[in-house]
Amino acid sequence: APIGARLAWEVIQKLKQGPVTGRKQDPALVTKAPKLRKEMGLIDWSRRASQVWNQIRAVQPWPTPYTFLHRAGHPTCRVLIPDAVPIDETNRPGPPGAILVEPTHEGERALFTRCGEGTLLRILALQPAGKRLMSAADFLRGHPLQPGDHFGAETT
């Protein structure tokens, strides 16, 4: 957005001086984005939280960002994660995909996931398979998580 705003300003200034002519694009510099596939939505927790966040935003509304919740004594469950925020400035080493539940200033509980290089991703909303979209706080009320519970690929 800042680059586009600056460019728009420059073009307006040039238009004030007279006609503006374009430049032909060099065909050798043209690149095409790959076709999206459903697998592109699977979250790779070994990447930095900012990269996971970028993926979450990139694959919406389709193919949708997803992962699998692994809980002791429960079947693996597919979970969509449509809203999260990265916390890159932390240094919380541990296995990528590990789930952390911490209290917030408001008295609620917040859901975090460890990502690569000790970064954290705060999950704001999620949707377990066959359920409605809910806030992380609502999810935690109905799904008590234990140490060792984690997100990851379907088979880990």
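The values are calculated or read from the model by the stated rules, or taken from the named source; none is laboratory data. Computed from a predicted structure; not experimentally measured. Every residue, glycine as well, gets a Cβ built from its backbone with ideal geometry; the counts of neighbours run over all protein chains shown. When the accessible area is computed, the model is the full protein with side chains, heavy atoms only, and any ligands, DNA or RNA have been set aside. Shrake-Rupley method; radii C 1.70, N 1.55, O 1.52, S 1.80 Å.
Okay, residues lined up against (1) open to solvent by 100 Å² or more (accessible area, probe 1.4 Å); (2) modelled with pLDDT under 90; (3) not in a helix (DSSP H, G or I):
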position: 19; (1), (2), (3): yes, yes, yes
position: 25; (1), (2), (3): yes, yes, yes
position: 36; (1), (2), (3): no, no, yes
position: 39; (1), (2), (3): yes, no, no
position: 46; (1), (2), (3): no, no, yes
position: 50; (1), (2), (3): no, no, no
position: 73; (1), (2), (3): no, no, yes
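Just checking, how many residues over region 75-98 are part of a strand (DSSP E or B) and within 15 Å of the chain's Cα centre (by Cα)? Show your work before the answer.
Residues of region 75-98 that are part of a strand (DSSP E or B), as a first pass: 77-87, 98.
Imposing the further condition that a residue be within 15 Å of the chain's Cα centre (by Cα) reduces the set to 79-87.
Going through region 75-98 one residue at a time, the tally reaches 9.
Checking residue 104 against (1) modelled with pLDDT under 95; (2) hydroxyl-bearing (Ser, Thr, Tyr); (3) more than 23 Å from residue 143 (Cβ to Cβ): exactly one of these is not met. Which one?
Condition not satisfied by residue 104: (3).
If I filter region 114-140 down to residues being touching a Ser or Thr at 6+ places or on another chain (Cβ under 7 Å) and assigned to a helix (DSSP H, G or I), which single residue comes out as modelled with the lowest pLDDT?
Top of the filtered list is 118.
Take the residues of region 118-139 that are crowded, with 17+ Cβ neighbours inside 10 Å and touching a Lys or Arg at 6+ places or on another chain (Cβ under 7 Å): which is nearest to residue 101 (Cα to Cα)?
120
Across region 52-67, which residue is most open to solvent (accessible area, probe 1.4 Å) among those that are part of a loop (DSSP other than H, G, I, E, B) and either hydrophobic (A, V, I, L, M, F, W, C) or at negative phi (or both)?
Ranking the qualifying residues of region 52-67, first place goes to 62.
What are the residues in region 141-151 that are modelled with pLDDT under 95 and either buried (at least 18 other Cβ atoms within 10 Å of the Cβ) or not in a helix (DSSP H, G or I) (or both), if any?
Filtering region 141-151 down to residues modelled with pLDDT under 95 leaves 141-148.
Those that are modelled with pLDDT under 95 and either buried (at least 18 other Cβ atoms within 10 Å of the Cβ) or not in a helix (DSSP H, G or I) (or both): 143, 144, 145, 146, 147, 148.
Do any residues in region 44-63 that are within 16 Å of residue 87 (Cβ to Cβ) have Cβ atoms under 7 Å from those of residues that are acidic (Asp, Glu) and open to solvent by less than 70 Å² (accessible area, probe 1.4 Å), where the two are at least six apart or on different chains, and which pairs are they?
48/88; 49/88; 50/88
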